[in-house]
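Handing you this structure, nothing more for now.
Derivation of every value follows stated rules applied to the coordinates shown; laboratory data play no part. Quick caveat, the model's predicted, so the values are computed rather than measured. When we count neighbours, we look across all protein chains shown, and the Cβ atoms used for this are built from the backbone with ideal geometry, even at glycine.
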Protein chains: 2
Amino acid sequence: MGDMVSTPTVIVDVDILDRNIAAMADAVQANGLALRPHIKTHKIVEIARKQIAAGATGLTVATIGEAEVFADPSGAAVDDLFIAYPLWLTRSSAARLVAASEQARISFGVDSVEGVRNAGARLGDAARRFEVLIEVDSGHHRSGVHPDGVTEIAAAADDAGLHVAGVFTFPGHSYGVGQADSAAHDEAKSLRKASRLLAESGVPVKVRSGGSTPTALLSDGGALTELRPGVYVFGDAQQWELGRTEPADIALTVLATVISRSDGPERRIVLDAGSKVLGADRPGYASGFGRLIDYPDARVTGLSEHHATVEFPGDAKLPVRGSRVRVVPNHVCTVLNLVDEVAVAKGGLIVDVWRVAARGRNN
Amino acid sequence: MGDMVSTPTVIVDVDILDRNIAAMADAVQANGLALRPHIKTHKIVEIARKQIAAGATGLTVATIGEAEVFADPSGAAVDDLFIAYPLWLTRSSAARLVAASEQARISFGVDSVEGVRNAGARLGDAARRFEVLIEVDSGHHRSGVHPDGVTEIAAAADDAGLHVAGVFTFPGHSYGVGQADSAAHDEAKSLRKASRLLAESGVPVKVRSGGSTPTALLSDGGALTELRPGVYVFGDAQQWELGRTEPADIALTVLATVISRSDGPERRIVLDAGSKVLGADRPGYASGFGRLIDYPDARVTGLSEHHATVEFPGDAKLPVRGSRVRVVPNHVCTVLNLVDEVAVAKGGLIVDVWRVAARGRNN
């Protein structure tokens, strides 16, 4: 990967990718759960096909636009998609949702009586084509209803002609050092309670969906029926720093060139990869804006749009100007939303290019 | 802007945009400086044309890819472009740079002897087509050389067949509350010193280029010859919180729908615009991940890929589910790198759509 590839370039190591896809599929199956990976991480048709081939029962998407891309019969042609988001439909988005449902079985999220009424009104007779899952807040405190609120929403869904198939949650509070176990516990507890209340009110619960990459292997196989992890396909610096992946299992890096270097007391280099390719996510627990896979002690301490400033501790030898290094971005899902294609590597050689088919599909 | 537009959508108010472009052009001209706006902020051909029409002497870009877009005779056809970046050329990027120089006068940045030698070797006889500006570090401590180092670089440039036309700096340490004045002072001091050293070594200095949006109106008209602000065309929450723009002068907002709402003790709403459209930049001085233009007391306190959590103080009335609000992103340059097009509004009505022609042009 010398001078042939321009920098910055996003590179996916396909052998590591395949290994990650197989490992999660095996682990989830061993736990008796269905796997419905979230494609917001990769947005790539070729990777979706690999996930389905490894036994995924369907895929998760975040938007109607992503559903359109992955249902497309000339692309991934996935026949079962869950939009894990409490949609607020307009006339035009409802029409797009109905059109997508001609190509795949589509379910979506709801988290309020108002949202259910809106969906019923916008979809009209077409409402009966869809199953909805009620989003439960298990502790992340973003969208989702308290478990006590599910029966009221289920009743409104029934009035609106929508079929409630179950409940889902995103235990996003797992993204903190040492928090995965308690988040997995909260996830199970919330889904159990919501399911019990629905069952008691006469609504059979077919799906109890949870999961994030940090909690995926900790999720309670009794409380859940399916998992929706996304990041596991690639891994990233967040998962590395949370102890949820090893550097050897990180499948995606950003190749960058050293364009500036200070070997004085500051001991820093500057790379030609900035926030416009790495993303700017920096959670409180992160040690920087990203890591270098071949220099585990270095830290990306500053990030501009086209510059990453990397500091080296002690007396480590700095890479020279013009050399290339591989950056592990903090949050890989935002990286794939920044580039139109990724280079595919096998044994260190570029063997293919994949299009990021759903890049920018925010609505 | 009711139900006709999907959310999230980036909307540019063209009257405010035109006002901002004229105000900066007038102020810079009054200060006796040339204006060379940085297009990394907007990446839009229509806006580049407005800047040139308002008297810009040329444009600034960050990458060869951006230069290709703005030099394109079938697009903006700008005839004078400065790549404000210390390029490290490969065989292929050198060939692209030479091709772009067939369509426009192109200058670029250097900040090291090694970089100059690399450029000379890669460009060969074509080196004489280009002027280079030496990047000086005026206190931002990213790329750029200490002013004392410019003569050595100029000598290497002469050996490499590259013509040194002057010096440039980015006083990026102006991005901090109350730091604009001292950053403008540092900018002037560094450029003055570098220019004096070059002149003493026999290198005439034609260009002394500086400027950032926070310092643009403070820059020393004696020390500088040109300014390269970018963000001023739109403004953003960073400029608002730095006291460098008023909400009434912010030309770009992201229209979003309220998809979830908690009217309990938490008093928060959740919007369908997340980091995949707003960007995730959050400098230390920022009060959140963005602001709502019509609710100046509200703060975006949490950001996921497709969710913004907005908290409201006191007993303010929360917008209802399904209603729409306008978000001011923290750092507007990253927003334009996330979307393929923007809606253009005049008097509250959508009147046009502009393509973000250089989106994703990272190399």
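What does the charge add up to near A:N31, with Lys and Arg as +1, Asp and Glu as -1, over the other residues with Cβ less than 13 Å from its Cβ?
-3
Around A:Y295, what is the net charge, scoring Lys/Arg as +1 and Asp/Glu as -1 over all other residues with Cβ under 14 Å from its Cβ?
+4
Could you tell me how far the Cα centroid of the range A:271-285 sits from the Cα centroid of the range B:1-61, in Å?
The range B:1-61 and the range A:271-285 have Cα centres spaced 26 Å from each other.
Listing B:Y85, B:Y295 from the residue with the fewest other Cβ atoms within 10 Å to the one with the most, what is the order?
Listing B:Y85, B:Y295 from fewest to most nearby Cβ atoms yields B:Y295, B:Y85.
Output, in nm with one decimal and in ascending order, the distances from the A:H146 label point to the matching label points of the other copies (7 Å from Cα along Cα-to-Cβ).
6.2
Kirkwood Rh over alpha-carbon pairs of the range B:83-139, then Stokes-Einstein at 10 °C and 1.306 mPa s: what D in µm² s⁻¹, rounded to an integer?
Rounded to a whole number, D works out at 138 µm²/s.
At R0 = 25 Å, how high is the FRET efficiency between B:A199 and B:E102 if r is their beta carbon distance? Nearest 0.05 is fine.
According to the calculation, E is roughly 0.15.
Evaluate peptide A:274-287: per residue, the Cβ atoms of other protein chains within 10 Å of its Cβ; return the mean as an integer.
4
Return an integer: the convex hull volume of the alpha-carbon atoms of the range B:31-234, in Å³ per residue.
103 Å³
As a quick test, which of the pairs A:K40/B:K50; A:K43/A:K346; A:K276/B:K317; A:K193/B:K317; A:K346/B:K276; A:K276/B:K346 have an alpha carbon distance above 25 angstrom in this structure?
A:K40/B:K50; A:K276/B:K317; A:K193/B:K317; A:K346/B:K276; A:K276/B:K346
Based only on Cα atoms, what mean projected area does the convex hull of the range B:239-355 have, in nm²?
That works out to 7.6 nm², a quarter of the Cα hull's surface.
Could I ask something else about it? For B:M4, project a label point 7 Å along Cα to C-beta. Then give me every residue of the range B:263-277 with its amide nitrogen under 20 Å of that point.
Inside the label zone: nothing.
Could you calculate the FRET efficiency of B:S92 with B:V320 from 1/(1 + (r/R0)^6), where r is the beta carbon distance between them and R0 is 60 Å, rounded to 0.05?
With R0 = 60 Å, the Cβ-Cβ based efficiency is 0.65.
Another question about this same structure. Using a Gaussian network model of chain B whose springs link C-alpha atoms within less than 10 Å, name the residue from B:V14, B:V351, B:V98 with the highest mean-square fluctuation.
B:V351
Next question, about the same structure. What are the nm distances, shortest first, from A:I350 to its equivalents in the other copies, labels at 7 Å along Cα→Cβ?
Reported distances to equivalent positions: 3.6 nm.
Follow-up question, since we're still on this one. Semi-axes of chain A's equivalent ellipsoid from the Cα gyration tensor, sqrt of 5 times each eigenvalue, largest first, rounded to whole Å?
In descending order the semi-axes read 39, 22, 18 Å.
Shifting gears a bit: Provide an ascending nm list, one decimal, of label-point separations from A:A95 to the equivalent residue in each further copy; define each label point as 7 Å from Cα along Cα→Cβ.
Once sorted, the set of distances for A:A95 reads 4.7 nm.
Counting pairs of Cα atoms in the protein assembly as shown, how many percent are more than 39 Å apart?
Counting pairs separated by more than 39 Å, the tail of P(r) holds 35 percent.
Follow-up question, since we're still on this one. Rounded to whole Å, how close does chain A get to the rotation axis onto B by Cβ? Give me the residue too, please?
Result for the A and B rotation: A:A280, 2.
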